[in-house]
Amino acid sequence: MYQIYIVEDDARMAGLVGRYLQKYGYAVQIAEEFDSIKEEFVQYRPDLVILDIHLPSFDGFYWCRQIRSISHVPIIFLTARSGEMDLGFCHRKWGR
């Protein structure tokens with residue numbers, strides 16, 4: 001069974017995504033401490049991370065770099081950000 005780690009500070013959104021994934025047979029862990037995401041990641045050892053950008057303490061880009069320093073697990077950004085600057089970052093970073 002694939003394990004998915006959801007890093008989303010909106011409890012309603014995290015719960016909605018988590019329930020949807022569980023419905024399809026995935027094991028889900030929702031982040032609890034937003035200042036220790038890397039430690040939770042190491043403890044849970046997920047197959048996929050769903051990561052919000054706007055988080056308390058540090059943003060999702062910071063946590064993406066922290067996870068990348070120890071793992072090549074796939075990371076999907078789930079966010080409401082839609083500004084041109086954000087889209088430009090994605091285009092430059094990943095060639096789109």
Open item on the list: Using amide H atoms built in the peptide plane, which far-off residues or other-chain residues are under 5 Å from Leu48 H to H?
Closed with: Gln3, Tyr5
Open item on the list: Taking just the alpha carbons, could you work out the radius of gyration and Dmax for region 1-60, both in angstroms?
Closed with: 10.9, 32
Task: Two-site label geometry, Tyr26 and Ile70: point separation in nm, points 7 Å out along Cα→Cβ - done: 2.1 nm
Task: Using a Förster distance of 30 Å, the FRET efficiency for Tyr62-Tyr2 (Cβ separation, nearest 0.05) - done: 0.75
- [ ] Tell me which residues come under 5 Å, amide H to amide H, from Val28 once H is placed; ignore anything under 5 positions away on its chain.
- [x] Ile4
Open item on the list: Less than 20 Å from a label point 7 Å out along the Cα-to-Cβ axis of Leu16: which backbone N atoms in region 24-42 qualify, by residue?
Closed with: 24-26, 28-32
- [ ] Taking H placed 1.01 Å from N in the peptide plane, check which residues at least 5 places from Leu78 or on another chain put their amide H under 5 Å from its amide H.
- [x] Leu51, Asp52, Ile53
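Each value in this text was obtained by applying a stated rule to the coordinates, not by laboratory testing. Since the structure is predicted, the reported quantities are computational estimates derived from the model, not experimental observations. No Cβ is skipped: glycine too gets one built from the backbone with ideal geometry, and neighbour counts run over all protein chains shown.
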